Each structure stands twice: as C-alpha cells, then as structure tokens.
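Here's the structure, in structure tokens; my notes come after.
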Number of protein chains: 2
Amino acid sequence: MAILVMKFGGTSVADLDCIHNAALKVKREVDAGWQVAVVVSAMSGETNRLVKLVRDVSTLYDAREYDAIVASGEQVTSGLMALTLQSLGVPARSWQGWQMPMRTDSSHGAARIEGIDTDAMLAKFDEGLHAVCAGFQGVSSDNRIATLGRGGSDTSAVALAAALGAERCDIYTDVDGVYTTDPRLEPDARKIDRIAFEEMLELASQGAKVLQTRSVELAMRYKVPLQVRSSFSDVPGTIVCDEEEIVESNVVTGVAFQREEAKITLQNVSDRPGIAAAIFGPLADANVNVDMIVQNISDDGRTDMTFTVGADDFERAKATIEAARDDIGYEGLVADRDVAKVSVVGIGMRSHTGVAQRMFAALAEEGVNIQVITTSEIKVSVLVQRKYMELAVRSLHAAFGLAEA
Amino acid sequence: MAILVMKFGGTSVADLDCIHNAALKVKREVDAGWQVAVVVSAMSGETNRLVKLVRDVSTLYDAREYDAIVASGEQVTSGLMALTLQSLGVPARSWQGWQMPMRTDSSHGAARIEGIDTDAMLAKFDEGLHAVCAGFQGVSSDNRIATLGRGGSDTSAVALAAALGAERCDIYTDVDGVYTTDPRLEPDARKIDRIAFEEMLELASQGAKVLQTRSVELAMRYKVPLQVRSSFSDVPGTIVCDEEEIVESNVVTGVAFQREEAKITLQNVSDRPGIAAAIFGPLADANVNVDMIVQNISDDGRTDMTFTVGADDFERAKATIEAARDDIGYEGLVADRDVAKVSVVGIGMRSHTGVAQRMFAALAEEGVNIQVITTSEIKVSVLVQRKYMELAVRSLHAAFGLAEA
C-alpha cells in the first residue's frame, strides 16, 4: 500500500477541535486507500509553556533535561490524535521518538537525525494500524530524548517519509500554500502550484517562512515530494518537488524579502590573501550568520569589504569585528542598520538571461537605489533602504508578471 | 554509598517553588552522604488536566494512549527537578520509566511492576549522578508506556527502593506522618513514631489515606522501611517498618474509620453448602468490594446473612443481589445506608487479650450500639450508626490511651 506522511503543526492541533479537524483529513486519506503516518507538533502554546518552566528554573539549563521536558508536548498530541482517529474508526497508535526509534546525535535541543528504524512501524502497518508520530524528537545513542530544535517537526516528517519510502509528505499548516510573495504585502500574490526544491530553499531562507529549511534540504536529498497545504480548508496546496517534475518552469517563481538586515562596511582593508578569512573566521566563531558579501575592486592594494547580517546579530558582529581590528587592519567601519534585502528566485534563470537587468530596471523606475547586489544560479538579491522594501517587492512582483498564472 | 529513595507527591511539586523546596530536602540528604534516587509525581492538577483531555476525546479510550498522554506529567516534573537540583549544585539526571527500564505488565492504566533494571542507574551513581525518576510509569513488554494507576508513584518509589537495595524510602507528602487517628476528628490524635507494615496496611485500607496500600504491601514484602513525612516542615515523620524493629509495641496503635458504608442483610437464606458462593460470586463479578461479612446462627436450616459495602458500591450491590435472587433464595433484603465502620488496630493484640472487651465497654458507656463485629489478628472492627462515628472514634482513642506517647 502506498504510504503518505501527513504533518500537522501547532496551530493545526491547537485544541481538541483542531485535532478532530485534522483527524478528519487523515481519515479522508485513509478512506482513499493510503497507509498513513501522521506527524504532530505540540498543541500551540504548549512548547512555550514548557520552555518557560525550564527557563524559570535555570537560564543555563542542561539541554538533555530541556529535551525531556519539552518533548512531552508532542507526546501528548500524538496520544490525543491516535485516540481521535480511533474514535473516527481509523485504527491508529502513537509512536514516540524512542519507540520507533528515530535515532539522533547528541546535540540536544538541535539534534540531527541519524536514522529511523521503521521495522516496528512497518510491522504495525501490516496489522492495519496507522501511525501517529510525535514530531520534533528522537532518541540519542545514550538513550535520552533529543529534540530537533524549533520547527523540527517538519524535519521529522520528511525524514520519516524518506525512511518509509512514502509517495509524498503533506505539510498541513495555517497557510494554504507557497505564494509568489507574502500576500500581506502584495495582495496580488498568487499561490504557486508547483515549485522546485531549490526555489523553495531560496524562498524559505529568504523569509517566506512556510517550511523549515532543513526539511526542504532533506526532501530534496531523498526526492520526497512535499505538499504545503492548509489545515483549515480543502483546496490543494503547493507541491514542492524535483525540478524535473515541473513541466513549464517560470523564469522567476517568487519574490522574497528579509526586512531586518544590517550592513557593515570595512573601509580600506588591505587586499591581501587571507583577508576574507581574517574577517569571516571570527564572525563564524561568534555564530554570526553572514548573508551577502561584496568586495569592491582593489585600489592601490586596498579595498572596501561589505557584508550583511541579520539585525539580531548586528551588535555581536560589530563587537567581533572591532575586537579583531588589529588582525584585520581596516581604516573605518561604517554600519547601516536600516536596510532590507529583496530577492527574485526562479530555476528558469539558469536558461534565461536578462533577469537581473529587468530587476534593476524595475527598481530604477521606482527610484529605488540598490546598495549591494549578489547573485546565485537561481536568485538575484539586492539590498535597499528599508523604507523602500515594500515598494521594491511590489514592483518586482508586477515586473515579472507573477500575479498571472 | 548507602542509597535513599525520596518520593515527592503532587502537592509537594505543585509549582516551581515547591520543586525548589523539595530539591533543598534532597540536597540536605546528599550533603549528609546519601546516594539519592528521587521519585516524583506530576505537578498537582496536571494529571487531572491530561485525563480531562483524554476523556474529552473519548469515553471509551485506548488505555495505551491514555498512558502515553498522562505519563507526560511525571516526565515534565522529573526534568524540572533534575534542573533544579543541578542549579543547587547537586549532579542529577532524569529517568523515564522506559529509560531505566521499569518493566511492567500490559494492564495499561493499572499496570503492575514486573522488574526494574537498575544497571544503567547504578552506573550513573558511580559517576556521581543522583537520579530523578518519573513516578507512576513503566514500559510494557511491547515497548509502550504503562502507568501504574492513581497514586502509583508511591509504588514506583518502593519498588525502586527494593530494586536498588535502598536503606529507606522517604515518602514526602502534605501530612507530617501517620496519626493515631484523623486529627481533624480527634484533636488529641498523636503522630506515631514507628508503626509496623501490617498495622499500616490495616490503617490505610481502613481510611487513613496516607500511603497507597500496594506500596505498603510491596515495602513489607521486600522489607524496605518507609518514612512518611511532610514536604512543608523539617520534623521527622513516621517510620513504617517490620514489626521486629519496633521494640515496644502498643496493644492498640490507632483507630481507623470508614464513614461511608452500607449494610445489606438477606433474611431467611437457606443454610446450605455453597450459599456464600451464590451470594458473593455475583458481587465479585460485578466488581463490588465486600467488606465485613457476618452470618447468624442457623435456625431451622435458615439463616440471615449480613455484609457491608462502600456506599459507592451500594446500588450496584443491591441490583446484583436482586438479579441473583432466584439462585440465592432469600426471603427479604434489608438495607441500611446510614452506617460507618470503626476499627482499632495494633500488633500488640496478638499477645494481649481483652482488647475487644475494652472496646465494647467503651462504646457501651457512650450508648453506642454495635450492629456488626468482625475481628482479625491485629484488628477489631465494629459497624455503628453513622451519627455515632465521631463519638465512637473519640471514645476509643481515649479508652486505649492513644493521646499519650
């Protein structure tokens, strides 16, 4: 029997009514002939409640105990979902991470999945039992509960789908799919029917926070098609799949943005081998996530180096650079905390030229000044003053005709 | 290093302040040189919240899912207690039932402990780690969480103490020990310093609800001394131990009572072999707990049979007997729902005569009529009209000099 993994996030299992509603969706798929493995998050608010208890005890807490405490949220939902399915006539049982087991490394609080033993679950499938798995958690090699970090239930679901050889992994959430851009910002944004993994990765990491990045990477690696769809309606969602399964790909699929960026420019840096390592090594050590990096052309053996970081990381980045000033050897540090990043993404760019030019023209027409440009194979990103961000997103959405199907 | 098991019930870990307070008690014992295994219940109210979630989904719920859901309460407390101990400088880690493992049978919701593998915990003791165990739960042979039933944390603690070869098991609760009778009823009631397991069993099952009966049975079987003491004071509690460890035993140790009893008399029952089985077989099948049973002398081959049940069971008992009327063959059924049972308990009765006579005399002096009498080796119980119960308890407490140490 073909296996379908269905994942329900916190807002989709917020209370017993929501769980009932989600269970009806599971029943519909079971009735359609699927062997289903459900993956559930904690009821919304529950993880926060548990995390607060931990933090109230100790700020420097033992991550293994944090995991034991916080993982109880998914444990409760898995049992309630199994009971609800049973009450609807769907034979089901709950599976905790340690019961499968879903084996992880020992990075408690942000563990990585090392493997999933599916034998026990497959044997129960043969007995006609559908599975309800507690997301977000596995068991480490020393038999302790290990959580995958916030949003880890998406990753649980995709990893389980890969291990079970599932046909598809449906991610039920509070939006009905992936949009060409954020509909709160551009009312003409259109739901995308099919999007390639690579595009989804660029969109997700650029701020279209629908799917956890790690889960998309995992799905891409194991070629597990995902469907992002709504828990609160019955319309089809967005299929995230291998690009070969997308017959007609758009040149540009979507416009992403990151509102809270900060830019740091180091002036008159010596243009010598190893200078990049001298700057970005300390930043990496300080866990600062550097985003865009541009280096101006060299003039008399000196250059300017500009990079961006998330606004949250700005103070740490600045302090790190200033502490390393002697090693780096720069003349001045200019910072701008008032910038945002806007990107256009599309696998069609690989075979179509002129995307960057069209982008720059559209922005120029609106008088939006571009501060930094970076490009990848399927993405062009620009840094603009934050007050122009919405305007930039809307003009690009129009320029690439994204409102039309 | 000598091992001490310390068990904290729900009111003793009701919130983070209570957990902190309990952790200080653990630290005191650790500082005194004990290797400690703590057993914790769910934070008070939490089990009820989880049970309500289950019942709201389904009244005929799958007990395995009930267990997965409800056991999360103790899981959270165990993590919080471990964190709190760490913050006080006591090295500790949490243990879930499946991690030890504490193996149980498959009677989910009321499972019995089959054995505890202590190797992993003892190895961690050697590393200097104290243990915090989630009470009330184990793991069944098919790797599912199984709970021991309400109050099961006492049983967890005693079973763990037996398996670890602990010197003692301290049960921290909201009373500071076992009293000669309920102090709410007799202000002169005195805390007992030492009481024998057998006496504790009689007192517990008679209504002095301090310790779960199963935990006392287990402690008696494995000769694990218990101490019942308060979480909210530092005074020593009551030691429950083997009678050989009690040097000077009282003839009577305490007065117990059961307020809500009901009496049923079957009149003119045929006095033939098998008549008791005809009456009490159907009651056992209907899960009615029969307490006292008396049979009058036979007159012309007919007799009266009287028995008592808890008031909760009365309607079910009556209906069961009436349904079996043809098989039993009785003339009339007389019921009295307005009775209470009062008992005096003491291992000294074995070697001292005259206890029953002193009891009857004390009651006669107060004009309390005795309806039914039963005796065991260490207990004499009488059934009286409910309105006389308090008077009977107080007069017996005085007659046996229980207020004096």
**OP:** List every residue pair whose Cβ atoms lie under 7 Å apart, where the two residues are 6 or more positions apart in sequence or sit on different chains, the first residue falls within the stretch B:354-370 and is closer than 13 Å to B:Ser395 by Cβ, and the second residue, located anywhere, is in a loop (DSSP other than H, G, I, E, B).
**Re:** B:Phe360/B:Ile370; B:Leu363/B:Ile370
Subject >> Residue count for the stretch A:23-38, restricted to those that are within 27 Å of A:Ala110 (Cα to Cα) and either at pLDDT below 95 or within 14 Å of chain B (Cβ to nearest Cβ) (or both) >> reply: 1
Original post:
Within the group B:Arg316, B:Arg229, which residue is among the charged types (D, E, K, R), in the same structural domain as B:Val345 (by TED's automatic domain parsing) and touching a residue at least 24 places away in the same chain (Cβ under 8 Å)?
Top reply: B:Arg316
**OP:** Being in a loop (DSSP other than H, G, I, E, B) and either surrounded by fewer than 22 Cβ atoms within 10 Å (Cβ to Cβ) or among the basic types (Lys, Arg) (or both) is the filter here, so list the residues in the stretch B:188-198 that pass it.
**Re:** B:Asp188, B:Ala189, B:Arg190, B:Asp193
**OP:** Might you let me know whether the stretch A:272-291 holds any residue that is touching an Asp or Glu at 6+ places or on another chain (Cβ under 7 Å), surrounded by fewer than 17 Cβ atoms within 10 Å (Cβ to Cβ) and closer than 19 Å to A:Glu260 by Cα?
**Re:** yes
Original post:
Across the stretch B:141-166, which residue is farthest from the other protein chains (Cβ to nearest Cβ) among those that are part of a loop (DSSP other than H, G, I, E, B), of a type outside the set (Asp, Glu) and surrounded by fewer than 21 Cβ atoms within 10 Å (Cβ to Cβ)?
Top reply: B:Gly165
Subject >> Complete set of residues in the stretch B:296-330 that are crowded, with 16+ Cβ neighbours inside 10 Å and polar (S, T, N, Q) >> reply: B:Thr303, B:Thr306, B:Thr308, B:Thr320
Subject >> Among the residues listed as A:Val30, A:Val36, the single one being in contact with a strand residue (DSSP E or B) (Cβ under 8 Å, 6 or more places away or on another chain) and in a strand (DSSP E or B) >> reply: A:Val36
Subject >> strands (runs of 3 or more DSSP E) fully within the stretch A:304-405 counting 2 or more residues that are under 26 Å from the mean Cα position of the chain (by Cα) and among the small types (Gly, Ala, Ser) >> reply: A:332-345
Subject >> Selected residue [within 16 Å of B:Phe400 (Cβ to Cβ) and of a type outside the set (D, E, K, R)] from B:Leu203, B:Leu211, B:Leu226, B:Leu218 >> reply: B:Leu203
**OP:** Name the residue, out of B:Leu201, B:Leu185, B:Leu211, that is part of a loop (DSSP other than H, G, I, E, B), on the phi < 0 side of the Ramachandran plot and without any contact (Cβ under 8 Å) to a residue 60 or more places away in the chain.
**Re:** B:Leu211
Subject >> Breaking point among (1) at pLDDT below 95; (2) crowded, with 24+ Cβ neighbours inside 10 Å, for A:Asp176 >> reply: (2)
**OP:** Given the conditions (1) more than 14 Å from chain A (Cβ to nearest Cβ); (2) surrounded by fewer than 18 Cβ atoms within 10 Å (Cβ to Cβ); (3) modelled with pLDDT of 95 or more, report the number of the one that B:Ser41 does not fulfil.
**Re:** (2)
Original post:
When the residues of the stretch A:1-48 are filtered to those that are basic (Lys, Arg) and farther than 22 Å from B:Asp56 by Cα, which remaining residue is nearest to the chain's Cα centre (by Cα)?
Top reply: A:Lys7
**OP:** Please specify each residue of the stretch B:115-138 satisfying the condition of being closer than 17 Å to B:Ala63 by Cβ and either surrounded by fewer than 23 Cβ atoms within 10 Å (Cβ to Cβ) or of a type in the set (Gly, Ala, Ser) (or both).
**Re:** B:Gly138
**OP:** Within the stretch B:327-343, identify whether any single residue is touching an Asp or Glu at 6+ places or on another chain (Cβ under 9 Å) and among the small types (Gly, Ala, Ser), and answer yes or no.
**Re:** yes
Original post:
Would you say A:Glu65 is buried (at least 21 other Cβ atoms within 10 Å of the Cβ) and assigned by TED's automatic domain parsing to the domain that holds A:Glu29?
Top reply: yes
**OP:** With the condition kept exactly as written, say whether any residue in the stretch B:157-173 is under 20 Å from B:Lys341 (Cβ atoms), at pLDDT 90 or above and of a type in the set (Val, Ile, Thr).
**Re:** no
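The values are calculated or read from the model by the stated rules, or taken from the named source; none is laboratory data. Everything numeric in this text was worked out from a predicted model, so none of it was measured. Because the Cβ atoms are built from the backbone with ideal geometry, glycine has one as well, and the counts that use them run over all protein chains shown.
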